[in-house]
1. Can you find, within the range 180-200, the residue that is surrounded by the fewest Cβ atoms within 10 Å (Cβ to Cβ) among those that are at pLDDT below 90 and either more than 24 Å from Met26 (Cα to Cα) or among the charged types (D, E, K, R) (or both)?
2. Check the range 157-169 and report whether any residue there is in a loop (DSSP other than H, G, I, E, B) and among the charged types (D, E, K, R).
3. Looking at the structure I just gave you, is Ser115 hydroxyl-bearing (Ser, Thr, Tyr), crowded, with 22+ Cβ neighbours inside 10 Å and either modelled with pLDDT under 90 or within 22 Å of Met26 (Cβ to Cβ) (or both)?
4. Return a yes/no flag: does the range 181-199 have any residue that is of a type in the set (Ser, Thr, Tyr), over 19 Å from Ile137 (Cα atoms) and either over 13 Å from the mean Cα position of the chain (by Cα) or in the same structural domain as Arg24 (by TED's automatic domain parsing) (or both).
5. Would you call Trp172 crowded, with 18+ Cβ neighbours inside 10 Å and within 14 Å of the chain's Cα centre (by Cα)?
6. Specify the residue that is farthest from the chain's Cα centre (by Cα); the eligible residues are those in the range 234-250 that are modelled with pLDDT under 90 and within 17 Å of Trp167 (Cα to Cα).
7. Any residue in the range 230-237 that is farther than 30 Å from Tyr40 by Cβ, assigned to a loop (DSSP other than H, G, I, E, B) and charged (D, E, K, R)?
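The values are calculated or read from the model by the stated rules, or taken from the named source; none is laboratory data. These numbers were taken from a predicted model, which means no experiment stands behind them. Glycine also receives a Cβ, built like all others from the backbone with ideal geometry; neighbour counts cover every protein chain displayed.
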Amino acid sequence: MNACTMRTHVDRHFAGTISPDAERAMREHLPTCDVCRDRYRRQLLLARLDPHPLPAEERIARGLGLRSTGGAAMPLGGLTLLAAAAAVLVAVHVQPHATGGFASRGQVGAPAPVSRVLAFEVRPGMPAVPAGGVLRIGDELVFAYENGAAKRRLAIFGVDEHGHVYWFHPAWTRESDDPVAVPIETDDRRHELPEAVLHRFDGRHLEIRSVFVDEPVSVRQIEGLLRDHPHDRLGLPGAVESSLVLTVLP
């Protein structure tokens, strides 16, 4: 375990020298290896202590292969233009958002702290692109977040037109478990969630929802709130909710 060769991918990710193929392999590997996950967390801590760190958005963009024609990393917040030509947004509970990130839910007319999630599609053999409206079955999703509201936890899940729920963070792999919203950083910098997630979706319209909360709300609590009204706001006290709607293609 200590000799895991994937640890070099973790180091290259934080150095900004990792290739997209190696980045994908690292993200697939992290959930299975305690040693590499610990190394990743230590590198995150060192990056916060470094007085001149590689900016998180540039580090993530380099790893995902998102670069401008001049070779510089592109800011994640504006990258939906790459997918816009092929994207058709399904307007269900979604408001326009200038940066192409998730749109706020239920907060029209009132300023809200900027807490948002950005989603990226990872397609086999190709660089990742922002989730701009169309998701193909077999594509994985990777997420990053900004937490201007300084909430302590985050849950990300999808709901299709049939009311079926798909969990991204926290992962829910065993029916007997009841995992809670994942702990997150409370600053407004951009942070990535390392795992790439693959689901086999049943429907053709998928609403990906993010919920920033302070309390450790569980997946069963959230699904209970979704049961009768799967596309309405959860209404959790103090929560910051947002959503992005995608068309799922074969």
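1. Start the filter on the range 180-200 by keeping residues that are at pLDDT below 90, which leaves 187-200.
Filter once more, so that each one left must be either more than 24 Å from Met26 (Cα to Cα) or among the charged types (D, E, K, R) (or both): 187-190, 192, 195, 200.
On the way: Asp187: 12, Asp188: 14, Arg189: 13, Arg190: 21, Glu192: 21, Glu195: 18, Arg200: 7.
If we take residues in the range 180-200 being at pLDDT below 90 and either more than 24 Å from Met26 (Cα to Cα) or among the charged types (D, E, K, R) (or both), then Arg200 is surrounded by the fewest Cβ atoms within 10 Å (Cβ to Cβ).
2. Residues of the range 157-169 that are in a loop (DSSP other than H, G, I, E, B), as a first pass: 161-164.
Now drop any that are not among the charged types (D, E, K, R), which leaves 161.
Checked the range 157-169: at least one residue is in a loop (DSSP other than H, G, I, E, B) and among the charged types (D, E, K, R).
3. Against the criterion (hydroxyl-bearing (Ser, Thr, Tyr), crowded, with 22+ Cβ neighbours inside 10 Å and either modelled with pLDDT under 90 or within 22 Å of Met26 (Cβ to Cβ) (or both)), Ser115 qualifies.
4. Taking the range 181-199 as the starting set, the residues that turn out to be of a type in the set (Ser, Thr, Tyr) are 186.
Adding the requirement that they be over 19 Å from Ile137 (Cα atoms) leaves 186.
Filter once more, keeping what is either over 13 Å from the mean Cα position of the chain (by Cα) or in the same structural domain as Arg24 (by TED's automatic domain parsing) (or both): 186.
So far as the range 181-199 goes, yes, one or more of its residues are of a type in the set (Ser, Thr, Tyr), over 19 Å from Ile137 (Cα atoms) and either over 13 Å from the mean Cα position of the chain (by Cα) or in the same structural domain as Arg24 (by TED's automatic domain parsing) (or both).
5. Working: crowded, with 18+ Cβ neighbours inside 10 Å: yes; within 14 Å of the chain's Cα centre (by Cα): no.
Taking the combined requirement at face value, the residue does not satisfy it.
6. Val248
7. yes
Condition check ((1) charged (D, E, K, R); (2) farther than 15 Å from His199 by Cβ; (3) not assigned by TED's automatic domain parsing to the domain that holds Glu195) across all residues:
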position	(1), (2), (3)
Arg123	yes, no, no
Gly132	no, yes, no
Glu140	yes, no, no
Ala144	no, yes, no
Arg152	yes, yes, no
